[in-house]
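Contents: one structure, followed by commentary.
The values are calculated or read from the model by the stated rules, or taken from the named source; none is laboratory data. In this text the structure is predicted, and so the values were computed from the model without any measurement. Neighbour counts run over all protein chains shown; Cβ positions are idealised from the backbone, glycine included.
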Amino acid sequence: MIKSNQTMFRHLLRLHDDGLTVAQLSQLSGKNKDATLGSLKCMPDTYIDRWILSHGKFAGVWCIVTPPENCPKPERNKK
């Protein structure tokens, strides 16, 4: 697992809101499928959103969690 791969995969997944399969990520990144899958499995902010039938086999469509903004701190009521 190389951290720079994770940065690249995060960037690619954020560009594709509907998600990407390992094969698609591998093709876009130029990395082999095993390295791609290995990186995805180590990334706590990625997940399989759904499964699609691709070339007679099921393939997971990976997505990335977009963290929400921090909740604003409440203000005290002045009475």
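The residue that is nearest to residue 39 (Cα to Cα), among those in the range 58-79 that are of a type in the set (D, E, K, R) and over 21 Å from the mean Cα position of the chain (by Cα), is 73. Looking at 52, 64, just one residue is surrounded by fewer than 17 Cβ atoms within 10 Å (Cβ to Cβ), more than 11 Å from residue 5 (Cα to Cα) and in contact (Cβ under 8 Å) with a residue 24 or more places away in the chain, and that residue is 52.
The set of residues in the range 1-30 being farther than 18 Å from residue 65 by Cα, modelled with pLDDT of 95 or more and touching a Ser or Thr at 6+ places or on another chain (Cβ under 9 Å) consists of 23, 26, 29. Within the range 1-21, the set of residues being surrounded by fewer than 17 Cβ atoms within 10 Å (Cβ to Cβ), in contact (Cβ under 8 Å) with a residue 24 or more places away in the chain and part of a helix (DSSP H, G or I) comprises 6, 10, 14.
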